[in-house]
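Structure record follows, encoded as structure tokens.
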């Protein structure tokens, strides 16, 4: 090999090998979560809402696959809001990085409603055999206590401040079958009216009985007076 050929090979090794070593696809073990493409916002690549054991009185599980082609480490926050006919019922947030910095927190927060189950909610990395999905996808599971839902809103942001916002209507089969709040006053009114009717009936019945007793006493007293007069004459 000529000296010129040796120089070319040295240049090739110096330029190519470091990038190959730092490439997350070349390193075994846990995915690196960084790819390094042009800045793009995260996206929702998968959404699933269900109740365990298909029991409407059990918790609601919302499973999200959030993907970012700069790597899952670029995802900063994911927020979920549950609505019931335009009325917000619950609002929860997952934070991977504090204030878009390098401080990793992995924190779930209940922002509104008090329905988030912090104990069961979790976030973890994709276990797919696909290298791109391994390094770009973060799976997040929000668990909510039973709550009526008709619409779902999701927002996700990355550490550069780019974000997305999507909303979707929940199909009737996926909605928890729970007594609607609109029916509660109606049911309470019926119960109160029934109690009032029973009380009124009891009062009137008692009053009638007392009136009959008083009438009977007056009759007996009158008869006693008349008999006493006859005996005196």
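The values are calculated or read from the model by the stated rules, or taken from the named source; none is laboratory data. As the structure is a prediction and not an experimental result, all values here were calculated from the model. Neighbour counts run over all protein chains shown; Cβ positions are idealised from the backbone, glycine included.
In this structure, does residue 126 turn out to be buried (at least 16 other Cβ atoms within 10 Å of the Cβ), under 20 Å from residue 47 (Cβ atoms) and touching a residue at least 60 places away in the same chain (Cβ under 8 Å)?
When the stated conditions are applied, residue 126 passes them.
Given the residues 159, 175, which is the only one that is surrounded by 15 or more Cβ atoms within 10 Å (Cβ to Cβ) and at pLDDT below 75? Please lay out each step first, then the result.
Details: 159 fails: at pLDDT below 75.
Among 159, 175, only 175 is surrounded by 15 or more Cβ atoms within 10 Å (Cβ to Cβ) and at pLDDT below 75.
Tell me the residue from 130, 86, 120, 55 that is at pLDDT below 95, assigned by TED's automatic domain parsing to the domain that holds residue 153 and over 21 Å from the mean Cα position of the chain (by Cα), please.
Checking each option against the conditions leaves just 130.
Within the range 144-158, how many residues are in a strand (DSSP E or B) and either in contact with a helix residue (DSSP H, G or I) (Cβ under 9 Å, 6 or more places away or on another chain) or not assigned by TED's automatic domain parsing to the domain that holds residue 46 (or both)?
2
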